[in-house]
Every structure is written in C-alpha cells, then in structure tokens.
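Visitor: Please see the structure below; I have some questions.
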Amino acid sequence: RLDWLKLPGLNCFAKNYDYYASLKISTALPLLVAFLLWMPSLIMTVMGQRETDKFDHVSNSFYFSLMFLCFLVYPFLSVTSVQGFDCYTFGGMNLLNADMSEPCPTLSTNNLDFAWMCLAAA
C-alpha cells in the first residue's frame with residue numbers, strides 16, 4: 001500500500017536543507033507554479049484578446065490546472081506545516097520531530113517568522 005503522505009520529503013534529496021528551508025520551499029513553490037500557470041491568461045489579456053473563445057479556453061484550462069495543483073499540493077503542504085508543532089523532549093531539550101537538529105519553534109516567544117510561515121502554508 002502506498003501512503004502519499006509518507007513519501008520522502010525535500011530534505012531527503014538534499015541533505016543541506018533544514019526544516020525551515022523545506023517549509024519555505026514547499027510554501028513558495030506551489031505559488032510559483034500557480035503564477036506560471038496564470039501567465040498565458042495574463043499575456044492574452046495584455047494583448048487584448050480577452051473577448052475571444054481562445055481566451056475562454058485558456059482561462060478554463062488555468063482554473064482546471066490550478067484546482068488540480070491545489071488537490072495535489074494540499075496534503076503535502078498541510079503535513080509540512082503541521083510538523084512544525086510536533087516537538088520531542090530529548091535529554092532536557094525540546095527538539096522538532098521533523099528535524100532533530102532544530103529546537104522546537106513553538107516554545108520560543110519571539111519566533112514570529114515561524115508563525116507566519118505556518119499560517120501562509122495552511
């Protein structure tokens with residue numbers, strides 16, 4: 001049985017990425033792909049071809065592709081963002097379960113960047 005949520009993450013392919021880099025990439029990459037999918041519609045709008053049947057086809061293709069992208073990305077992005085709240089106490093230190101080299105970010109009082117990344121990812 002194949003469990004899609006247990007597939008290796010980004011840091012399995014590149015060892016120098018920590019959890020925060022993986023969170024930033026997994027948040028920004030779908031937005032970049034969505035922007036690239038939107039480019040044909042934008043180009044047709046700029047060229048003044050908004051009222052054509054071809055534009056309707058291109059815009060319908062964009063919306064379908066965007067919904068399919070969201071369908072594919074949402075489970076992985078949700079798991080990645082929720083992993084930031086899973087901490088483990090080991091030897092008196094609170095460590096992030098997803099990356100045991102990182103301290104638990106939910107216990108620090110001044111980690112506003114982490115909170116915004118998780119909010120943006122969700």
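The values are calculated or read from the model by the stated rules, or taken from the named source; none is laboratory data. Predicted model only: the values in this text are computed from it and were never measured. Cβ: placed from backbone, ideal geometry, glycine included. Neighbour counts: every protein chain shown.
Visitor: Which pairs turn up if I take residues in the stretch 23-40 that are modelled with pLDDT under 90 and look for partners that are of a type in the set (Gly, Ala, Ser) with beta carbon separation below 6 Å, at least 6 apart in sequence or on another chain?
Guide: From the stretch 23-40, the pairs are THR27/ALA120; THR27/ALA121.
Visitor: Given the conditions (1) without any contact (Cβ under 8 Å) to a residue 60 or more places away in the chain; (2) in a helix (DSSP H, G or I), which single one is not true for THR80?
Guide: (1)
Visitor: Give the number of residues within the stretch 86-108 that are farther than 18 Å from ALA21 by Cβ and surrounded by 14 or more Cβ atoms within 10 Å (Cβ to Cβ).
Guide: Selection size over the stretch 86-108: 3.
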